[in-house]
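Working notes for the structure below.
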Amino acid sequence: MQRIGDAPAVRRALILAAVALAALFLLLPLVAIFAQAFAQGVGVFWSNVSDHYTLRAIGLTLFITVLTIPVCLVFGVALAWLVTRFSFPGRRLLQTLIDIPFAVSPVVAGLIYLLLYGRNGWLGGWLDGHDVQLMFAWPGILMVTIFVTCPFVARELIPLMQAQGSREEEAAVTLGAPGWTLFRRVTLPNIRWALLYGVILTNARAVGEFGAVSVVSGAIRGQTNTLPLHLEQLYQDYNTVGAFASASLLALIALLTLAAKAGLEWRAARQEALA
Amino acid sequence: MSIRLHNIGKHFGSGRQRTRALEPINLDIQEGELVGLLGPSGSGKTTLLRIIAGLENPDRDGGARILFGDRDVTDVHVRDRRIGFVFQHYALFRHMTVFDNVAFGLTVMPRRNRPTSGEIRARVHRLLEMVQLESLAGRYPAQLSGGQQQRVSLARALALRPDVLLLDEPFGALDAKVRQDLRRWLRHLHDELGFTSLFVTHDQEEALELSDRVAVMSNGRIEQIDTPDDLYRAPGNRFVFEFLGDVNHLEGEVRGGILTCGDARLSVELPDGPEELLLRPHEVRLVEAPSPEARLPATVTAISPVGAEVRVELAADWMAAPWLATVRHADYERLDLRRGQRLYVEPRRWHRFPEGRETRRDAPRASLA
Amino acid sequence: MSTRALPFAFGRTPRRVLPGFGLSLGVSLLFISLVLLLPMTGLFGQLAGLSLAEYWAIISDGRVVASYTVTIGAAALAALINAAFGLLLAWVLVRYDFPGKRLLDALMDLPFALPTAVAGITLATLYSSNGWMGRLLEPLGLQVAYTWVGIALAMAFTSIPFVVRTVQPVLEDLPQEVDEAALTLGATDGTAFRRVILPHLWPALVTGTGLAFVRSLGEFGAIIFIAGNMPYETEITALMIFVRLQEYDYAGASAIASVVLFVSLALLLAINIWQGRFARRLHGGRG
């Protein structure tokens, strides 16, 4: 079989270049995170991780993530169902709108929430009058996290559901399946892996969001500090090892995300080979 | 330019998974000949074509040699072999217009050999005229029909005036009517330009209609290479016989010159023992009463008038698979054939391939009278 | 959004075969309105309080303009680096088999999975004068940390996957015959790549590079640690917004944010339109 670029010399040179560059730009930083985190031994790493403020930051991050995922899931499935199973005016506009969070700078995302719900904002002023504070508290963090993560599930589902078409669901309707049964028994089995991957991406982004959260959180240590904000403070305080201890926890989640993705892809490829 | 293949073998994979795609093949193709490579999928025909093109390499160990005329091209890279290759799915460059597609080979020539842009333009227009697509020179491939795309692909392959034209299932992706037209047109083009061509097909009708000679392949082997006429009339072995047309099987036990199979009997001059006879649909007659030589009862299960003859499908307990008989319209009317009708089959001629080689017998004269 | 369709009534309008139109429309519109559109009003409300002259004064302030230059310049450099690097990686991952290929493939997604703040402190540490890379580069006279080269590096890091992941599927779908057709017509590898392969990849490459550029324009967390954040020198626009906010200058922050928002959305729209036009030529449509 002859293909372009198959000459052994070309091949070797290109593979070598790709691997070397990837190692330098991607692998080296990854190694550096863990090297820094453990620079002063496991004991110091452990005391950094089990530090009171670190634990509070981990707790808040998990709390926000756990609340974010179901919201994004419901919205993602509803939107994907809407734009792939029905045609109506404005369908393309909806699909474009959900890309906004991808294009908007996280700082801008935080800012627009601050402007609306902050003490000076038109909704914020009213809420303040009723003693409700959203900004510089966990609800604000949750809101901006939902903003930046909401496209992930929908973006994973839409191309898949478009490719699958609605023939199976239509068949189920002709067989008399009611709405939820139809979704649970016919649609869900077909999209569950894409759904899972969407959730994994949502999770990764929700855990790690920095720019938007730093605008609305107020960064009160032990109260409104998420893990990324916490590591920033440690880093600014020249506690490098402490910062990297927190960073290594986040990097670990990133690695698990990559592993899950590779696993799901491997699974899909195997299924395709069997089909 | 003639093509000579010497000991072309091919294995794919390695170690345990090493599978043989081609047995060492020898083949001579004369200058100006149009040869069809015919075989079922997996028979190695496309592999052989791709080896000739230089898109695959033959096994190194068998002393494989490929000669174009006197030029040994065994180790010549595909880009320097001077072949024209037409792909099954056209493989046109989607981002180029029809003109640019056809001109591609000329524009990528090394600068010192490259024709001037005026010459290129003239040559491409001549080619487009030849494939009757001048008016579409500015279109993109996506705007053409399948047949038009395949003609562009042919013009593109001919632009470099190749020594040899190789076509891989050139009409495989087209619908029946377009296939017919393109086939005739290719034959015409071939006769006019006189290049040496080799094409791959799995369609026996196409191979027999288009080729000067047909090479029938199976399991990585050339079973037989002959003119279409000889091939059909004198198949070299059972595979070729079966591949070239519909076949009815009669399997039974011969004892004392009579072959029996269930309630079917046929007089044959063969030694005692198990026997399998093969009959073409046009080599059987349908009659209302058995003869002393043949008593093969059958029931009509389907009738379809196709062109000059009527195809009749037959079933009986003694048949392993339904038989097919073709009868003339006159006989069809005389017998007043209907579905469910019971009648008798009378072989005019049968074939047998003991150990794969053919012996052919005409039925005894008496039964034809 | 009718009240009849919102509860689990599965809008039984006669034309829609599948259930759930009303419900999914309701959920989607509610969500998009509340989460995406409503907050935008806060921005416009804030901007409405500014006169045009005030607005112009804010967004054309010398320090802010310097931040545009730094951001756009570094983002452009990052996008170009990624175009080359992404093309190489996509090619190697699709066309060749080698040990560790799946690992390399998985590694490509790291910048999306890794929180930007983590990337930021890591790159800053690596390229600072006593970091692993900084120690190697500084004797060569190449200062990365606290310069705009560092900004470009951080931007490039966070946007690597865009080019790889948009080019990869297109390259995978390119049939083998396209290579072979070019070769049988006598093209050398270089010519065939330039004249046949690259034009096929072009739309994906430009889209991926464009997305990488847009992402780099807005990136914050990965950059601020390595940038040094010197006014007029290494201050990015996203940081300018942040600085204005910390000064409680909400109007200033809004004005600058509106510029960033407008540019990002316009670019996104341009990429979409351009991509659509290219696709039509390759996949049919008369004329």
> Regarding C:ILE224, is this residue within 13 Å of chain A (Cβ to nearest Cβ), modelled with pLDDT under 95 and farther than 30 Å from A:GLU232 by Cα?
Replying inline: no
> Counting residues that are within 11 Å of chain C (Cβ to nearest Cβ) and out of contact with any Phe, Trp or Tyr (no Cβ under 7 Å at 6 or more places or on another chain), which helices (runs of 4 or more DSSP H) fully inside the range A:1-82 reach at least 2?
Replying inline: A:8-22, A:28-37
> Picking from C:LEU77, C:LEU37, C:LEU50, which residue would you name as being buried (at least 17 other Cβ atoms within 10 Å of the Cβ) and farther than 21 Å from C:ILE151 by Cβ?
Replying inline: C:LEU50
> If B:LYS177 satisfies every condition in (1) touching a residue at least 24 places away in the same chain (Cβ under 8 Å); (2) surrounded by fewer than 16 Cβ atoms within 10 Å (Cβ to Cβ); (3) among the charged types (D, E, K, R) but one, which is the exception?
Replying inline: (1)
> In the range B:170-182, is there at least one residue being within 24 Å of B:LEU244 (Cβ to Cβ), of a type outside the set (Lys, Arg), touching a strand residue (DSSP E or B) at 6+ places or on another chain (Cβ under 9 Å) and in a helix (DSSP H, G or I)?
Replying inline: no
> Taking C:ILE151, is it at pLDDT 95 or above and buried (at least 24 other Cβ atoms within 10 Å of the Cβ)?
Replying inline: yes
> What tally of residues in the range B:303-359 results from selecting those that are part of a loop (DSSP other than H, G, I, E, B) and either of a type in the set (D, E, K, R) or out of contact with any Pro (no Cβ under 7 Å at 6 or more places or on another chain) (or both)?
Replying inline: 17
> Taking the range B:10-27 only, how many residues are within 27 Å of B:PHE241 (Cα to Cα) and exposed (fewer than 13 other Cβ atoms within 10 Å of the Cβ)?
Replying inline: 2
> How many residues are touching a residue at least 12 places away in the same chain (Cβ under 8 Å) and either within 31 Å of the chain's Cα centre (by Cα) or part of a helix (DSSP H, G or I) (or both) when one looks only at the range B:83-118?
Replying inline: 21
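So that you can scan it fast, the table gives a plain yes or no per residue for (1) assigned to a strand (DSSP E or B); (2) surrounded by fewer than 22 Cβ atoms within 10 Å (Cβ to Cβ):
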{"residue": "B:LEU186", "(1), (2)": "no, no"}
{"residue": "B:LEU189", "(1), (2)": "no, yes"}
{"residue": "B:GLU192", "(1), (2)": "no, yes"}
{"residue": "B:LEU198", "(1), (2)": "yes, no"}
{"residue": "B:GLU209", "(1), (2)": "no, yes"}
{"residue": "B:VAL214", "(1), (2)": "yes, no"}
{"residue": "B:LEU231", "(1), (2)": "no, no"}
> If a residue has to be within 11 Å of another protein chain (Cβ to nearest Cβ) and part of a helix (DSSP H, G or I) to count, how many in the range A:146-163 make the cut?
Replying inline: 8
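One line per residue, one yes/no per condition, for (1) over 24 Å from B:GLU346 (Cα atoms); (2) in contact (Cβ under 8 Å) with a residue 12 or more places away in the chain:
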{"position": "B:GLY220", "(1), (2)": "yes, yes"}
{"position": "B:PRO228", "(1), (2)": "yes, yes"}
{"position": "B:LEU231", "(1), (2)": "yes, yes"}
{"position": "B:ASP246", "(1), (2)": "no, yes"}
{"position": "B:GLU251", "(1), (2)": "no, yes"}
{"position": "B:ILE258", "(1), (2)": "no, no"}
> Of all the residues that make up the range A:164-181, how many are at the interface with another protein chain (Cβ under 9 Å from one of its Cβ atoms), within 16 Å of A:PHE86 (Cα to Cα) and assigned to a helix (DSSP H, G or I)?
Replying inline: 4
> Looking at the range C:172-189, is at least one residue under 27 Å from A:GLY110 (Cβ atoms) and surrounded by 17 or more Cβ atoms within 10 Å (Cβ to Cβ)?
Replying inline: no
> Inside the range C:1-33, can you point out the residues that are at pLDDT below 90, surrounded by fewer than 17 Cβ atoms within 10 Å (Cβ to Cβ) and among the hydrophobic types (A, V, I, L, M, F, W, C)?
Replying inline: C:MET1, C:LEU6, C:PHE8, C:ALA9, C:VAL17
>> I need the helices (runs of 4 or more DSSP H) fully contained in the range C:54-148, keeping only those with at least 3 residues that are more than 9 Å from chain A (Cβ to nearest Cβ) and under 30 Å from A:GLY263 (Cβ atoms).
In response: C:62-95
>> Give me the residue from the range A:84-128 that is within 27 Å of C:ALA251 (Cβ to Cβ) and among the hydroxyl-bearing types (Ser, Thr, Tyr) and, out of that set, farthest from the other protein chains (Cβ to nearest Cβ).
In response: A:TYR117
> Which residues, taken from the range C:38-53, are part of a helix (DSSP H, G or I) and more than 8 Å from chain A (Cβ to nearest Cβ)?
Replying inline: C:PHE44, C:LEU47, C:ALA48, C:LEU52, C:ALA53
> If we keep just the residues of the range B:288-306 that are aliphatic (A, V, I, L, M) and at pLDDT below 90, which is nearest to B:ARG352 (Cα to Cα)?
Replying inline: B:ALA294
>> So if I check each of B:GLU346, B:GLU355, B:GLU313, B:GLU309, which one is out of contact with any His (no Cβ under 6 Å at 6 or more places or on another chain), modelled with pLDDT under 90 and within 30 Å of B:ARG255 (Cα to Cα)?
In response: B:GLU355
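Okay, residues lined up against (1) surrounded by 15 or more Cβ atoms within 10 Å (Cβ to Cβ); (2) closer than 25 Å to B:ASP203 by Cβ; (3) touching a His at 6+ places or on another chain (Cβ under 8 Å):
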| site | (1), (2), (3) |
| --- | --- |
| B:SER41 | no, yes, yes |
| B:ILE51 | yes, yes, no |
| B:GLY69 | no, no, no |
| B:ILE83 | yes, yes, no |
| B:LEU92 | yes, yes, no |
> Would you pick out the residues in the range B:313-342 that are closer than 20 Å to B:CYS261 by Cβ and buried (at least 16 other Cβ atoms within 10 Å of the Cβ)?
Replying inline: B:GLU313, B:LEU314, B:ALA316, B:TRP318, B:MET319, B:TRP323, B:LEU324, B:ALA325
>> So for the range B:56-69 (the condition being of a type in the set (A, V, I, L, M, F, W, C), part of a loop (DSSP other than H, G, I, E, B), within 9 Å of another protein chain (Cβ to nearest Cβ) and touching a residue at least 24 places away in the same chain (Cβ under 8 Å)), does at least one residue qualify?
In response: no
> How many residues are crowded, with 22+ Cβ neighbours inside 10 Å and of a type in the set (Val, Ile, Thr) if we restrict to the range C:198-217?
Replying inline: 2
> Does the range B:46-54 include one or more residues that are out of contact with any Asp or Glu (no Cβ under 9 Å at 6 or more places or on another chain), free of Cβ contacts under 8 Å to residues at least 24 places away in the same chain and in the same structural domain as B:ILE8 (by TED's automatic domain parsing)?
Replying inline: no
>> One residue is enough: does the range A:131-141 have a residue meeting the conditions out of contact with any Phe, Trp or Tyr (no Cβ under 6 Å at 6 or more places or on another chain) and either within 8 Å of another protein chain (Cβ to nearest Cβ) or among the polar types (S, T, N, Q) (or both)?
In response: yes
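The values are calculated or read from the model by the stated rules, or taken from the named source; none is laboratory data. This one's a predicted model, so the numbers in the text were calculated from it and none came from an experiment. Ideal geometry is used to build each Cβ from the backbone, glycine not excepted, and the neighbour counts take in all protein chains shown.
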